[in-house]
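In what follows, a structure is listed as structure tokens, so that the remarks can point back to it.
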Amino acid sequence: MNMENICILLTYPVPEYLVQELEKRFRVFKFRDVASNPQLIGEISSSIRAIVGTSAWGADAGLIDALPKLEIVASYSVGFDKIDLVKCKERGITVTNTPDVLSDDVADCAVGLALATVRRICVCDRFVRRGKWKEGEFELTTKCPMYHQKNTVEELQVRESEYLCLGAPLKATRSGCSGGGISEKVHFVEEAIPLKSRETYFDQKCGVQGEHRWTELIRGQNCEEGQHVAFINLFVKLWNNLVPVCNNAFSGKSVGIVGLGRIGSAIAKRAEAFGCTISYHSRSEKAESYYKYYPNIIDLAANCKILFVACALSKGTQHIVNRKVIDALGPKGIIVNIGRGALIDEPELVSALLEGRLAGAGLDVFEREPKVPEELLGLENVVLQPHAASDTVETSIAMSDLVIKNLEAHFQNKPVLTPVI
């Protein structure tokens, strides 16, 4: 079938490869040119039979209404939140997207963002580039929760004879974590552990995430029933003057995934290779999955250290990650978003990072792209990307080819390959 006279409206931005392939087959009008020429709009509006959209530009109700002959919207994107699906259904317009071909690259990038955030790779890179390495070693990394003091705080002087438990004050050493004296400034704080009466206690569990064994917590003295290892009350003043820095390890962490679709499943597969425990939240439980399912996203956040956001954006999922979810994840938690910016309540995310209620974030997408909140630019515990998770040469070509195949199938009266509706 000759398709050279079929008119297609091409939105922006798309790869040059896709532009060239479309122009070989169809009569292509670029939205940038059309939008700046009112006369051209009037001339072609009754001729356009297809729109090629992107994650940034799709087809809203106004554009659809202006094109009476529109038959198909082929999106160069896995997401279709920029397309008015209700209007398309009303008009009987076919909608396609480009799933599967980008899942691996996006999942790779998601794990990369997590690693870059928790291991502070970008911070280390800047440390070397700025010549700081010549002045001294980079600060210690550890697999335990690490905190930086916001202000100078006087050391708490506590007489050892009054307190039997030495577990809470810990300090960093090159070999990991070891017990520190009570009067030392706290750099690591572990949760309280109840002890049995008159028992010398050694914590045989391994660290916060099973990586380090703690040293002796009580030095031979007796303690009363219910005594706690951690000096939670004693160190409130210090705790309030500490800002969390990322946990500096990815392996073995508890990972939560919001949206266990193609991309979410690909992230889970990669995280498993790092020894992570996987749980997820979706609209419904996946019968084929053996991961732990949480029907409530707050419960998911409360039971993981790294939260990957990978679901589709819709009215029901907008701001699915809100203040309650962020607070449930807590000051040791990391958020990685490779879905859509509006999945997260961005002002709440910024506030949590600034206030120390969240340890860090790896962000590929933002709520008002290309605008990025100014506050994020100065934070070293945040890794930022320009919505580029799927941007590899191989994936770009594969996505472009899928757009072409969907258009060709439609105009040859064959079933499209990846229908949305």
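Only the coordinates and a few stated rules stand behind these numbers; no lab work does. As the structure is a prediction and not an experimental result, all values here were calculated from the model. All Cβ positions, glycine included, derive from the backbone under ideal geometry; neighbour counts span all protein chains shown.
Some observations on this one:
- Antiparallel bridge percentage (DSSP; both residues within segment 311-421; nearest 5): 10
- Vicinal HN-Hα couplings computed from phi for segment 331-342 (Karplus, 6.51 cos²θ - 1.76 cosθ + 1.60; Hz; Gly/Pro x): x, 9, x, 10, 10, 10, 10, 10, x, 9, x, 6
- Net charge of neighbours whose Cβ lies under 12 Å from the Cβ of K405, counting Lys and Arg as +1 and Asp and Glu as -1: -1
- Relative to the current alpha-carbon distance between S284 and E272, full extension at 0.36 nm per residue lengthens the span by 2.1 nm.
- Added length on full extension, which subtracts the Cα-Cα distance from 0.36 nm per residue, E135 to A388: 87.6 nm
- Between amide H atoms placed 1.01 Å from N, distances below 5 Å from G333 occur with A359, all of them 5 or more places distant or on a separate chain.
- Pairs beyond 31 Å (Cα-Cα), from K89/K292; K371/K414; K89/K305; K69/K315: K89/K292; K371/K414; K89/K305
- Scalar couplings 3J(HN,Hα) for segment 263-269, obtained by applying the Karplus form with A = 6.51, B = -1.76, C = 1.60 to θ = phi - 60°, are 6, x, 5, 5, 5, 4, 4 Hz; x denotes Gly and Pro.
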